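FYI, it's all coordinate maths here, none of it is from the lab. Please read these numbers as outputs of a predicted model, since none were measured by experiment. So basically every Cβ, Gly included, is an ideal-geometry build from the backbone, and we count neighbours across all protein chains shown.
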Amino acid sequence: MRPSRSPPSRAGKTIFDPVHGPVGLDGAALALLGTPEFQRLWGIRQTGFAHLVFPGANHTRLEHSLGTFWAADQMARRLGLDDRTAEHVRAGALLHDLGHPPFSHTLDMPLREVTGARHERLSRRRVEGNDPLWPARSAAVPAVLERFGLEPRVVADLIDPQRPSARAPLPGSILHGAIDADRLDYLQRDAHYTGVAHGAIDAVRLFDTLRARDRRIVFAEKGRSAVEGFAVGRALMYSTVYYHKTVRAAEMMAQAAVERSDGYPDGAAGWFALTDGELLVRLRDAGRTAAALVERLLARRLYKRVFAVPSIPAPDRRRWGRWVARPAERRALEDDLAEALGGARGSALVDVAGLVARGDAAEDWGTVGVLDGARVTYPFRAPAPWRSFAIRPPSDWAVSVYVEPALRTAAAPRKVARVLAAA
């Protein structure tokens, strides 16, 4: 990075990244790299428990953060941002995942239940130095930013916009858009480490055709195929990797280990500032159910999916949706289901992640502009094959049920359906 004020040191380093090649860091970026908040990301797997299905997926949030920094730098240069704005964007890209809990998105629901915040809000708090989950080291990141003439509040606003909008101003759209620096890195990185080819997007063409019109990101006409390929790649990575049924089984078991631990939710807040390994150690001592689930995860003795609901009819969405809004009711349903199947508490798990749109919202893709001469067109607004990929749900199910392998025979679909219907 090139700080807007004279930094204490101009010495730089180069990190060799397997996805993007050499990534150069100096000034504020290099100093931020050494903070405890950023170094914690070494201990958090980028794709949760995907390594249990795709053995190469052991990459971390730190690697992804460096890749997002590189992609944001490429975008800032091509869009012609002034030096000071570009500095803040690069810092935001580097720090955007500071607030992730252990195992990344695996614990999104417990994180929201316990802290009332998403990981973006926790990233904001760590950038501004007021995160209660990080009391002993809360000032490290803001102190570095201020030392290099950067404003923590401006960086925090880029990471966690106070008023999120699909039509974010130009600097914000580099970090929050249908095609942004975050997604440009993780689709390629996750495809590389999982060995799944779907995420092999044409990033070079996307960077080369990036344009700014009326302070919005658009793409030159010759980049249309790369934009369309990005939409397809994103959709296929969600269905193939992120929502793979066995990956979800492991993630549900980890979520249940946290939710079924002694003292949850009141005593669990500090766990979300731990690393993956630290959390597993805590959970082994957090009660019989939590410990049993952790031992199963470590031995890869995973639960099996026995039931899935592809979609929820409109009249029933409110009833089913309450299991997202009120996690305690979902856990009560799981207990009822386990009892009906003759299993112990925690032996049956209900996955409602398909009800939560963790993929890109349709309105985000409606803002993707492609130039046709001097005119901006929006290829994902009208019904077409590319729009179908862009707005495709991230999973092919809305609700699914996982049980211990020993309960698989007892968990006949009709029996499970009756318990769900009665809830």
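Of the residues SER225, SER400, the one with the fewest other Cβ atoms within 10 Å heads the list, and the complete ranking is SER225, SER400. Against the chain, whose longest principal axis comes from its Cα atoms, helix 83-95 is set at around 20 degrees. Where a ≥ b ≥ c are the square roots of the eigenvalues of the C-alpha gyration tensor, would you call region 13-153 rounded, which needs a/c under 1.5, or, failing that, prolate if a/b is larger than b/c, or oblate? Judged from the Cα gyration tensor, region 13-153 comes out oblate (a/c at least 1.5, b/c at or above a/b).
Taking amide hydrogens as placed 1.01 Å from N in the peptide plane, the amide H of THR377 sits under 5 Å from those of VAL370, LEU371, ASP372, each at least 5 positions away in sequence or on another chain. Among GLU87, GLU329, GLU63, a tally of other beta-carbon atoms within 10 Å of each Cβ gives an order, fewest to most, of GLU329, GLU63, GLU87.
With a ≥ b ≥ c the root eigenvalues of the C-alpha gyration tensor of region 104-263, is it rounded (a/c under 1.5), prolate (a/b larger than b/c) or oblate? Taking the square roots of the gyration eigenvalues as a ≥ b ≥ c, region 104-263 is oblate. Counting every C-alpha pair in region 335-423, the share spaced more than 16 angstrom apart comes to 65%.
When PHE148, PHE69, PHE54 are sorted by how many other C-beta atoms sit within 10 angstrom of their C-beta, beginning with the fewest, the order is PHE54, PHE148, PHE69.
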